[in-house]
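The values are calculated or read from the model by the stated rules, or taken from the named source; none is laboratory data. Fair warning: this is a prediction, and the values are worked out from it, not measured in the lab. Heads up, the Cβs are rebuilt from the backbone with ideal geometry, glycines too, and the neighbour counts pull from every protein chain shown. Just the protein is used for accessible areas: all its heavy atoms, side chains included, with ligands, DNA and RNA removed. Shrake-Rupley method; radii C 1.70, N 1.55, O 1.52, S 1.80 Å.
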There are 4 protein chains.
Amino acid sequence: MTEQSRADSLAQLRARINQFVAERDWEQFHTPKNLAMAMIVEAAEVVEHFQWDTPQESIALSEERKTEIGYELADTMVYLLRIAEVCGIDLIAAANAKIDLNAKKYPVEKARGSNAKYTAYQDQ
Amino acid sequence: MTEQSRADSLAQLRARINQFVAERDWEQFHTPKNLAMAMIVEAAEVVEHFQWDTPQESIALSEERKTEIGYELADTMVYLLRIAEVCGIDLIAAANAKIDLNAKKYPVEKARGSNAKYTAYQDQ
Amino acid sequence: MTEQSRADSLAQLRARINQFVAERDWEQFHTPKNLAMAMIVEAAEVVEHFQWDTPQESIALSEERKTEIGYELADTMVYLLRIAEVCGIDLIAAANAKIDLNAKKYPVEKARGSNAKYTAYQDQ
Amino acid sequence: MTEQSRADSLAQLRARINQFVAERDWEQFHTPKNLAMAMIVEAAEVVEHFQWDTPQESIALSEERKTEIGYELADTMVYLLRIAEVCGIDLIAAANAKIDLNAKKYPVEKARGSNAKYTAYQDQ
């Protein structure tokens, strides 16, 4: 089996990752439960990059930091795609559906400029 | 400004999310530091779905659970895309580069069927 | 300033950690926000230890693994104590109060042997 | 079995939690793997409290927020104590040992006032 070349879309990326996993016979470890753990471990590596930063320092990133953060985001995305894969979830469809829900929870006229959790609006 | 219609690709999804944020004037809260926190909170909601499951229960998901997990994965992806956006990172390119690195760290002949961390191979 | 000797209680441990931080002039980085990030990074290192384990493997730990896990739990506890410190929270009192609440949310007769989230009981 | 009264120390708190779990026959769910997941879910609820805060807002907490954060810290500590319990780890001893290690990794004269990761010192 030849290593698939560069992925140019989310679907190709998912296929490339699936092949990577299959070649190593790792599907046996990839239960949704284990993959959820692996994903949050990678998300924590993103958090670790920023933990002692001031807000400003987290914005003004060197090229070196940007590359490292890109790798951590990539690892998080790899496990996100694997969970979607093994659960049979269409991630783009799920994201569209969730954004539709969020648009109702956070109507523009009430949410503008506010970081209040949406439950703060519901009694108004 | 009209709500953008359904996204069909990662690039369109990123654009739809950016518009959602801009309409609510939320860019001011979206430092990389804050977004990393928001992303791990969503990743934890994925973990919460599976925390008491046996491995088998985490595989045999009802349609209802699949929908809920899809929403949590969507929320995680939304913040992943926002971090990439505000940091100026091309997520597909970063993922390809990281998979190239992983292919070296976990060569097929050594990694096959093993869940050992890659550092276990390096002295061999 | 002499390094405080071994702590034998939670209060002594909290004092030892406070001294460690003060000697390094690290209070300036220890906002509740930053400490919450640091704590979840350490909690993720605990998760990482178990991510590919079967339930049985996570129970049958070697002495070596037990030592490593003890260090990760220690790091998590250090930041937990620091958050309590900088927020002015009495952790033992908060834990007693929370367990009192949990005892009402999960009454013995309904919760026995069930891993259902407590909201599952509330309509009954 | 009567509910144990208020705990006044870490050892008593651990005993109170163990009793709470035993009365509900929940030991069967409390593998180290599951408990690590539950702990990070609670740690994420601490993170959620602070995610959109400025550093200053995370310091100037209302009494209401302090109470809520205390509950989330308590939940995190409950699972931390349960992991230690089921793994047979003495948490106070582990914390003392880890602080001894940290004191070597971050010597006062080099670490003072710096948030650099300790690996930054090692080549000097």
Looking at the stretch A:85-100, is at least one residue surrounded by 14 or more Cβ atoms within 10 Å (Cβ to Cβ) and part of a loop (DSSP other than H, G, I, E, B)?
yes
Which is over 20 Å from D:Phe29 (Cα atoms), surrounded by fewer than 21 Cβ atoms within 10 Å (Cβ to Cβ) and either in contact with a Ser or Thr (Cβ under 9 Å, 6 or more places away or on another chain) or not small (Gly, Ala, Ser) (or both), of C:Arg82, C:Arg14?
C:Arg14
Pull out all pairs, ordered by first then second residue, where Cβ-Cβ is under 9 Å, the residues are six or more apart or on different chains, the first lies in the stretch A:55-77 and is in contact (Cβ under 8 Å) with a residue 12 or more places away in the chain, and the second is among the hydroxyl-bearing types (Ser, Thr, Tyr) and crowded, with 20+ Cβ neighbours inside 10 Å.
A:Thr76/B:Thr76
Report the residue count in the stretch C:2-55 for those that are assigned to a helix (DSSP H, G or I) and more than 30 Å from D:Asn34 (Cβ to Cβ).
13
Among the listed residues C:Leu73, C:Leu61, C:Leu81, which satisfies the condition of being more than 14 Å from chain A (Cβ to nearest Cβ), outside any helix (DSSP H, G or I) and either touching a Gly at 6+ places or on another chain (Cβ under 8 Å) or modelled with pLDDT of 95 or more (or both)?
C:Leu61
Out of B:Met39, B:Met1, sole residue that is modelled with pLDDT of 95 or more and in contact with a helix residue (DSSP H, G or I) (Cβ under 8 Å, 6 or more places away or on another chain)
B:Met39
Please tell me if B:Val108 is surrounded by fewer than 20 Cβ atoms within 10 Å (Cβ to Cβ) and touching a His at 6+ places or on another chain (Cβ under 7 Å).
no
Looking at (1) part of a helix (DSSP H, G or I); (2) of a type outside the set (Gly, Ala, Ser); (3) within 30 Å of A:Ser58 (Cβ to Cβ), can you tell me which one B:Glu68 breaks?
(3)
Quick check, is C:Ile40 β-branched (Val, Ile, Thr), over 19 Å from D:Glu85 (Cα atoms), open to solvent by less than 10 Å² (accessible area, probe 1.4 Å) and within 16 Å of the chain's Cα centre (by Cα)?
yes
For the stretch C:63-79, enumerate the residues that are closer than 13 Å to D:Asp90 by Cβ and either touching a Pro at 6+ places or on another chain (Cβ under 7 Å) or buried (at least 24 other Cβ atoms within 10 Å of the Cβ) (or both).
C:Leu73, C:Ala74, C:Met77
